[in-house]
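Structure record follows, encoded as structure tokens.
Read the figures in this text as sums done on the coordinates, not as results from a lab. Keep in mind it's a predicted model, so treat the numbers as computed, not measured. Virtual Cβ from ideal backbone geometry, glycine too; neighbours counted across all protein chains shown.
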Amino acid sequence: MDADARVGVAPTRMLPRLVPLAGAAVRPATALAGATLVVTGSGPAAVRVVELLRRHGATVRTGTAVEPGTVDGVDGLVLLDGLTGGQPPLLPGVFGLVKRVLAGGPRWMLAVADPSTGAYADGLGGLFRTIARECPSTVSRLVVVDAAQPVERVAQQVVDELLVDDDAVVVHRVGGERCGWELTPVGLGALAAGGAGPAGDGAAEARAVGLDRDSVVVLVGGARGITSWFARTLAAAAGCRIELVGRTPLPAGPEDPVLAAATDPAALRAALARQRIGSAATIGRTAAAILAGREVRATLRELSELGAEAHYHTLDVRDPEATRRLLAAIHGQYGRIDGLVYGAGTIEDKLIAEKDPESFSRVFDTKVGGAQAVLSALDSLGGRPSFVVLFGSIAAAYGSRGQGDYAAANDALAAIGSRWAARTGNRCLTVHWGPWAPSEGHGGMVSAELGREYARRGIGLIDPEEGALSLLAELAWGDPAVTSVVHTASGW
Ligand SMILES: NC(=O)c1ccc[n+]([C@@H]2O[C@H](COP(=O)([O-])OP(=O)(O)OC[C@H]3O[C@@H](n4cnc5c(N)ncnc54)[C@H](OP(=O)(O)O)[C@@H]3O)[C@@H](O)[C@H]2O)c1
């Protein structure tokens with residue numbers, strides 16, 4: 001692997017804060033005249049929005065997010081279903097509609113939500129931030145309102161947001177003010193910088209988290225990729241019991257010596273081709289499975305060399321019942337689960353215009369469905385883990401071209417985690433990571449090629465050891481009430 005593609009640095013810690021958005025130009029209401037808009041939703045505020053839009057000269061077609069009617073040639077989609085409580089989450093189902101509307105190059109893509117009414121808008125922020133990057137001539141905006149305000153006020157806020165001319169994507173209407181999210185670098189404080197923290201091996205942090213050799217930490221996705229770096233950091237710092245979970249089956253016996261001699265992907269594919277196992281696609285899939293199995297084994301070997309007791313469990317975490325059974329079995333064996341790290345995720349990157357809804361759902365459900373399965377399994381155990389960490393992505397915070405599904409999924413993940421923390425009183429932190437430098441053996445989603453592309457665009461990469469230690473420091477010295485944090489190198 002080229003050196004330039006894997007040089008990483010320690011990440012900077014950033015916290016989101018809501019700040020006033022001042023000085024945006026507001027177009028006159030006449031800007032709506034002649035526009036054709038599809039407006040979904042049926043509550044009193046939605047009805048009033050439709051009246052106001054018609055009064056300003058727009059043609060409005062009404063429907064619901066599920067049955068919007070025809071959207072060909074419309075100038076905008078305005079999703080207002082979330083103004084009435086009890087609505088099911090819009091994503092991933094609404095993606096097909098959003099894609100169809102975007103195909104016509106609309107001026108507006110707007111959704112309105114009140115988070116206190118539930119999970120309706122989960123992930124829309126990440127999707128809309130990506131739309132802003134992929135379709136810069138469309139006003140892409142998620143407006144967060146207090147739906148309990150008088151109908152007239154809510155309706156006016158919605159119409160205003162169609163007319164405000166700025167780049168803000170996620171806008172909160174707080175009282176009379178417009179606010180937006182800003183990420184600010186915030187250190188972990190004096191203890192992390194000058195106290196027990198900087199010894200560098202993570203032992204002080206592990207003690208501060210309350211981890212020792214008897215502790216049990218479950219890492220979903222921890223046998224491969226960047227989460228395995230955190231597993232090794234835990235093993236070295238706390239020597240705790242580590243339970244790894246992933247879909248890859250653990251290979252039963254030793255590898256065919258001919259294939260085992262092929263140590264890199266190209267050599268392995270060539271060796272499989274010589275064995276005439278099938279088409280190029282079959283060879284590619286078989287090679288990927290063999291490499292995944294090798295990576296799982298390597299992680300177990302490395303953890304055992306560090307002196308930790310580690311086990312691996314094969315599970316597709318999108319299966320809630322199997323997930324509940326596995327966590328119950330681990331809890332039953334040790335009588336405790338002290339920490340859980342959820343690192344499962346997949347990517348199928350494509351621009352929204354080329355992405356099919358099934359692909360969107362696969363990426364979304366691996367994060368969202370899997371995290372929900374894990375959290376409800378923890379609920380059913382009734383214990384109180386000291387921490388749950390969900391691996392999110394900076395794509396959620398800023399949007400990411402070609403990653404609408406992934407940005408939405410990570411955004412939804414944080415919302416689910418924060419509601420779970422509020423409901424149960426447990427600590428649940430989503431870490432939105434910037435890209436990690438690819439590494440030999442446990443490279444993760446950032447390939448060497450992508451690493452070079454990031455370097456070319458001036459996007460910094462996280463050093464894997466530093467990244468893993470930064471998470472341990474976050475758990476040790478960070479405010480347990482914080483439910484979402486960004487750790488990134490630079491330049492996204
Ligand atoms: N690498 C980065 O720079 C980066 C940056 C930001 C965020 N992240 C996040 O960090 C996490 C790990 O990413 P990575 O880069 O290490 O990618 P990776 O190597 O592809 O790791 C993904 C992990 O998730 C597991 N997994 C996927 N689907 C699963 C399922 N349905 N059930 C159980 N396990 C499943 C995989 O194991 P199996 O294939 O064996 O199932 C693997 O261990 C992801 O959540 C990703 O979004 C990574």
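Taking the 0 to 90 degree range and rounding to the nearest ten, how far is the long axis of helix 464-477 tilted relative to the main principal axis of the chain, both from C-alpha atoms?
Compared with the principal axis, the helix lies near 70 degrees.
About its Cα centre, how strong a charge dipole does region 136-281 have in debye, to the nearest 20, once Lys and Arg get +1 and Asp and Glu get -1 at the Cβ?
820
Would you order His311, His172, His432 from fewest to most other beta-carbon atoms within 10 Å of each residue's own beta-carbon?
Numbers: His311 14, His172 19, His432 26.
By the 10 Å Cβ count, ascending, the order reads His311, His172, His432.
What is the distance in Å between the Cα centres of region 261-316 and region 21-59?
55
Give me the lysines in straight-line cross-link reach of Lys99: C-alpha distance below 18 Å, same-chain residues under 8 apart excluded.
Within reach: Lys350, Lys355.
Round to the nearest 10 and give me the degree value, 0 to 90, for the angle of helix 151-163's Cα axis relative to the longest principal axis of the chain.
80
Charges at C-beta only: +1 for Lys and Arg, -1 for Asp and Glu. How large is the resulting dipole of the chain about its Cα centre, in Debye rounded to 20? Don't jump to the answer; show the numbers that get you there.
Values: 46 positive and 52 negative charges, 105 e Å.
Taking the Cα centre of the chain as origin, the dipole is about 500 debye.
Treating only the Cβ atoms of Lys and Arg (+1) and Asp and Glu (-1) as charged, compute the dipole magnitude of region 22-167 about its Cα centre; round to the nearest 20 debye.
Details: 12 positive and 15 negative charges, 55 e Å.
Roughly 260 debye, rounded to the nearest 20.
Which whole-Hz couplings ³J(HN,Hα) result when phi for each residue of region 215-226 is put into the Karplus expression 6.51 cos²θ - 1.76 cosθ + 1.60, θ = phi - 60°, listed in order with x for Gly and Pro?
Karplus-based 3J(HN,Hα) across region 215-226 equals 5, 10, 10, 9, 10, 7, x, x, 7, 9, x, 5 Hz.
For the pair Arg285 and Leu381, how long in nm is the line joining their label points, each one 7 Å along Cα→Cβ?
3.4
Would region 33-90 count as rounded, prolate or oblate if I go by the C-alpha gyration tensor, calling it rounded below 1.5 in a/c and otherwise prolate when a/b exceeds b/c, oblate otherwise?
Because a/c hits 1.5 or more and a/b fails to exceed b/c, region 33-90 counts as oblate.
Roughly how tilted is helix 44-55, in degrees to the nearest 10 and between 0 and 90, from the longest Cα axis of the chain?
50
Given an 8 Å cut-off on Cα distances and at least 6 residues of separation, report the relative contact order of the chain as a percent.
Working: 1022 pairs, mean separation 102.5, N = 492.
Relative contact order of the chain: 21 percent.
Which listed residue (Gly451, Leu390, Pro44) has the Cα farthest towards the positive end of the charge dipole for the chain, taking +1 on Lys and Arg C-beta and -1 on Asp and Glu C-beta about the Cα centre?
Pro44
Counting only other residues whose beta carbon sits under 15 Å from that of Ile337, what net charge do I get with K and R as +1, D and E as -1?
0
Got a sec? Charge dipole of region 70-205, +1 on Cβ for Lys and Arg, -1 for Asp and Glu; which of Val159, Val139, Phe95 is way out at the positive end?
Highest projection toward the positive end goes to Phe95.
Can you put Cys428, Cys135 in order, fewest other beta carbons within 10 Å first?
On the way: Cys428 27, Cys135 17.
Fewest-to-most ranking of Cys428, Cys135: Cys135, Cys428.
If you stretched the chain out fully between Ala190 and Glu152, how much longer would it get, using 0.36 nm times the residue separation minus the C-alpha to C-alpha distance?
Details: separation 38, 0.36 × 38 = 13.68 nm, distance 4.88 nm.
Fully extending the segment from Ala190 to Glu152 adds 8.8 nm.
Rounded, prolate or oblate, given the Cα gyration tensor of region 16-55, with a/c below 1.5 counting as rounded?
On the way: a/c = 2.81, a/b = 1.42, b/c = 1.98.
The shape class here is oblate.
Under the rule of at least 5 residues apart or a separate chain, name every residue whose amide H is placed under 5 Å from the amide H of Asp114.
HN-HN under 5 Å from Asp114: Val145.
Can you tell me the alpha carbon radius of gyration of the chain divided by the globular rule-of-thumb value 2.2 N^0.38 Å?
Values: Rg = 23.9 Å, N = 492, 2.2 N^0.38 = 23.2 Å.
Against the compact-globule rule of thumb, the ratio is 1.03.
Give me Rg over Rh for region 1-121, both radii from the alpha carbons and Rh done the Kirkwood way, two decimal places. Don't skip to the answer; put the middle values down first.
Details: Rg = 19.1 Å, Rh = 16.9 Å.
Here Rg/Rh amounts to 1.13.
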